[in-house]
Structure formats: C-alpha cells, structure tokens
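Novice: Provided herewith is a single structure, encoded as structure tokens, for subsequent inquiry.
None of the figures in this text is laboratory data; all of them are computed from the coordinates on show. On a predicted model such as this, the values are computed, not experimentally measured, just so you know. Quick reminder, even Gly has a Cβ in these numbers, built from the backbone with ideal geometry, and neighbours come from all protein chains shown.
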Amino acid sequence: MTWDWKVFLNDDGGGRTYLEWMMTAWGWTLAVAIAAWVVAMVVGALMGTLRTLPNSPWLVRLGNVWVELFRNIPLLVQIFLWYFVVPKMFPAMKDVPGFVLVVLALGFFTSARIAEQVRAGVQALPRGQRYAGMALGFTTVQTYRYVILPMAFRIIMPPLTSESMNLLKNSSVAFAVSIAELTMFAMQAQEETSRGVEIYIAVTALYAISAFAVNRLMALVEKRMQIPGLVVVGATGGGH
Amino acid sequence: MFGLDLTFLSWDILSKFVINGFLFSVQLTVVATLGGIVLGTLLALMRLSGNKLLALPATIYVNGMRSIPLVMVILWFFLLVPTIIGRPIGAELSATITFVAFEAAYFSEIVRAGIQSISRGQVNAGRALGMTYGQNMRLIILPQAFRNMVPVLLTQTIILFQDTSLVYAIGAYDLLKGFTTAGKIYGRPEESYLLAAVVYFVLCYSLSYLVKRLNNRIAIIR
C-alpha cells in the first residue's frame, strides 16, 4: 500500500482543500465540545448538589430522576430525540439551530455523569464540614457556596477530567445529525477521495491531540486549585 | 398528543423489524463483554508482568484505544478489516470485532485495578505455598479480584449495551436500526425514536437497578 498525503491538498469541489475542510471540522468538534461542557458543568453541579440536600426529599428526587433519565438512554438516541422529536412535539423549538440541539443533548447526557461525581464528592466530605457551616450561621446556600462545593470540586477533579475527555470523544456522535464535525468529515472525505487511511489517521490524531489538551488543561486547573496539605485519594471515572 | 401518534405500533411491526435488531444488540453486548474480559485480562496481566517487552505494547494499546472516540474505532475497523483479510465482511461481523477489541481496553483497566486491590499478603501467601505464577493468579488472585470487580464489570456492560447503538455509523442492524427502519417504512420516524428511547431506558434502568442491589449484597458479605 502506498501513502498519498497530497490528498489533503485536493479541492473538495467547493473551492477549498480537504485540509481546510478538516480544520473547519475540527473547529466544529471543539465548538460542540466546549459549549456542551459548559452546559454539562452548570447542570451537573446543580443536579448533583440537589441530590445531597438535607431535608428536601423532592429536590433530591428531582436530581435522582434527572440522572437516571439521562444516564440510561444511549447518547445517539438522545441526540435523535433532541434533533427530531423535540421540535416535532414543541413547535416553538422548530427554529432552534441543530448545533444548539446537539449541544443540549451532549450537555445534558454528560450532566448526569457530572452530577453523579458531584454527589459522590459532596458525600465524601466529613459531616463536620456541613456542621461547621451551620455553626457559623450560614444558610444552606451559603454552606454549599463557601464550604461544601469548593471542597467537593477539588476532590472530584480526577473523574471530572476523564468525564471532560469523554465529552470530547462523545462529540463525535454528532455526525449522526450531520453536524459538520470531524467524524462527519472523516466519513464524507473517505467516500469522496477513497484515501480512507490517510483521512482517518489525520482525524484520529486530531481527536487524540484534543483529548490530551483537555487532560493537560484540567491538570493545570487541578494544580492551581490545589489546597496545600489536602491529599485527594484518586477516584476513577468509568465509561466512555 | 404533542403531534405524535404512537398507535401505529403493533406486535407485527415489532416482530418484523425490532426483534432481530434487539437480538443482535444483545448478542453484540454478550460477545463483546466476554471477549473483552478475556482479552482485557490478558492485557492487564501483560501490564502488571513487570516485563517491559510485554507491558509497553499493552499500555500503548490500552491508552490508544481509550483516547479515540468509539465511532472512529468502528469506522477504522470497517475500513481496515476487509483490506487485511482480503474480502468484504458484513457490518455486523465488523462491529463485533470492533467491540471486542475496543472494550478489551476498558475492561483491562477494570481488571488491572481489581488485581491491584488484592493485598500483597495474598500474593506472598501463594508464593510461600510454592505456587507458580500461573497457579497463584488462577487460584488465589484472580478469583478474589473478579469477585470484587463484578459490580464494575456489570456497569461497564450496561454502558457497552448503550454504546452498541453506535454501529449506526456503519449501518449494522441493531435495536435502534430496527426502530428507525420501522419508523421510515410507516412514516413515523419521530415516534420510533421515542419508542427506542423508552425501550433502552427500561432495559438499562432495570439492569442498573439489579447491579445496585447486587452491589449492596456483596457489600454486606465483605
């Protein structure tokens, strides 16, 4: 078999080279992943917190239902639901762009996993932390804001890192609703050029680079946020 | 309701389109779990062997697989396997090979953690009894490690079952494809996506509930 890397300089029929197309696709992958990450973090932190509230059984239930609902349906099916079913059921959603729907799907899917980590992190704290907040006269919100969550998030940095990398990898599923991201590019360019191996190698490398970058970025945040003397016992995240 | 009409569904449609897909999804899950655990255990033993020639390739394989999206792995195998063996293979067979190879990487991490969770004393006790490496692993370490790992292995299997829907990328006929095909033929695509979601949810939720109960029972025994 011979290599033909020049394939990336060929015109794709639309006035741009395959290389340019691939870079644009990489941009879409990163855009989907970053936007979904923000959604997942905000919603995941909220839902995870709800699940640990004392004396609010209905909020705890809401959090639990959220997690079970979004964790037990495959991501691909969830993307189809957001993309096809939601706009049909709620006509007001008809004009929402596909990009936003995919971001919501990926974001909510990941939020269930983040919520699970946040709950674990909060419950890993000694009860004394909560009592300390109460003894200072903090309200529940203040206790969470100033005492519990800052500690919990530091504890769960390792699993949050792997969930963030999972999110980046999972953004590839967006190909199914024709978001012009890397996997979509790989499938189309492979068909058009018949140089599948070269195309796939480049795309795989971009995914690996992106996942590595996420890993380093999260490690940097973890280091910056570290409290001297606090030893975090490594928890590992599963799944993919 | 909400502009949807679920009445099109009948037993006829289910048996015609969905059952076959469901059976393939289950078969893929079972084969990939068993194959993945066997291969994954081998990979884990290679990494823990202390022999660089064995450990390095296993480490590269596991970390490589874990750093690329499953969809890309599915596409890679679908592209490469026919080139390597010199004849075209079906999407279903290609998906099966892919999932065994991919899941082996994830299962090997679980097995590795399981083996490392067994205390050194157990290893030394086996050695003191004059057991060989193989006997020690087979009779002392792996049985204990696997018992500890059962809940994590089952959880991974549920994730694996959900991930089988990604064979959509190469057009293999699985549970999801069964529903989408029925939806297309009867002009009810939205309803069929919704039904697929319900079926996946019921299956995965029940399974994870069972795992949770099993987990509690094992926790008491320990």
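Novice: Please go through the stretch A:176-216 and give me each residue that is touching a Gly at 6+ places or on another chain (Cβ under 7 Å) and within 10 Å of another protein chain (Cβ to nearest Cβ), ordered by number.
Specialist: Within the stretch A:176-216, just A:Q190 meets the criteria.
Novice: Inside the stretch A:98-207, counting only helices (runs of 4 or more DSSP H) that do not spill past its ends, which hold 3 or more residues that are closer than 30 Å to A:R61 by Cα and of a type in the set (V, I, T)?
Specialist: Numbers: elements: A:98-124, A:127-135, A:149-155, A:157-170, A:182-193.
In the stretch A:98-207, A:98-124 are the helices (runs of 4 or more DSSP H) which contain 3 or more residues that are closer than 30 Å to A:R61 by Cα and of a type in the set (V, I, T).
Novice: When residues of the stretch B:65-117 are filtered for being in contact (Cβ under 8 Å) with a residue 24 or more places away in the chain, within 11 Å of another protein chain (Cβ to nearest Cβ) and closer than 23 Å to A:S210 by Cα, how many remain?
Specialist: Within the stretch B:65-117, residues that are in contact (Cβ under 8 Å) with a residue 24 or more places away in the chain, within 11 Å of another protein chain (Cβ to nearest Cβ) and closer than 23 Å to A:S210 by Cα number 13.
Novice: Here is a follow-up. Looking at the stretch B:155-194, which of the residues that are within 10 Å of chain A (Cβ to nearest Cβ) and more than 22 Å from the chain's Cα centre (by Cα) is surrounded by the most Cβ atoms within 10 Å (Cβ to Cβ)?
Specialist: B:S192
Novice: Based on this model, can you work out whether A:I79 counts as within 12 Å of chain B (Cβ to nearest Cβ), outside any helix (DSSP H, G or I) and surrounded by 22 or more Cβ atoms within 10 Å (Cβ to Cβ)?
Specialist: Numbers: within 12 Å of chain B (Cβ to nearest Cβ): yes; outside any helix (DSSP H, G or I): no; surrounded by 22 or more Cβ atoms within 10 Å (Cβ to Cβ): yes.
Judged against the criteria, A:I79 is not a match.
Novice: Please state which of the following conditions B:C204 fails to meet, knowing it meets all the rest: (1) over 18 Å from A:V67 (Cβ atoms); (2) surrounded by 19 or more Cβ atoms within 10 Å (Cβ to Cβ); (3) within 12 Å of chain A (Cβ to nearest Cβ).
Specialist: (1)
Novice: Please specify each residue of the stretch B:9-30 satisfying the condition of being surrounded by fewer than 16 Cβ atoms within 10 Å (Cβ to Cβ) and under 29 Å from B:I110 (Cα atoms).
Specialist: Within the stretch B:9-30, B:L23, B:V26, B:Q27, B:V30 qualify.
Novice: Of the conditions (1) buried (at least 20 other Cβ atoms within 10 Å of the Cβ); (2) within 14 Å of another protein chain (Cβ to nearest Cβ); (3) over 25 Å from A:M187 (Cα atoms); (4) among the small types (G, A, S), B:A58 clears all except one; give me its number.
Specialist: (2)
Novice: Can I ask one more? Please enumerate the residues belonging to the stretch A:9-29 that are crowded, with 18+ Cβ neighbours inside 10 Å and closer than 16 Å to A:V214 by Cβ.
Specialist: Within the stretch A:9-29, A:W26, A:T29 meet the criteria.
Novice: What do you reckon, is B:T41 of a type in the set (S, T, N, Q), surrounded by 20 or more Cβ atoms within 10 Å (Cβ to Cβ) and in a helix (DSSP H, G or I)?
Specialist: Working: of a type in the set (S, T, N, Q): yes; surrounded by 20 or more Cβ atoms within 10 Å (Cβ to Cβ): yes; in a helix (DSSP H, G or I): yes.
Against the criterion (of a type in the set (S, T, N, Q), surrounded by 20 or more Cβ atoms within 10 Å (Cβ to Cβ) and in a helix (DSSP H, G or I)), B:T41 qualifies.
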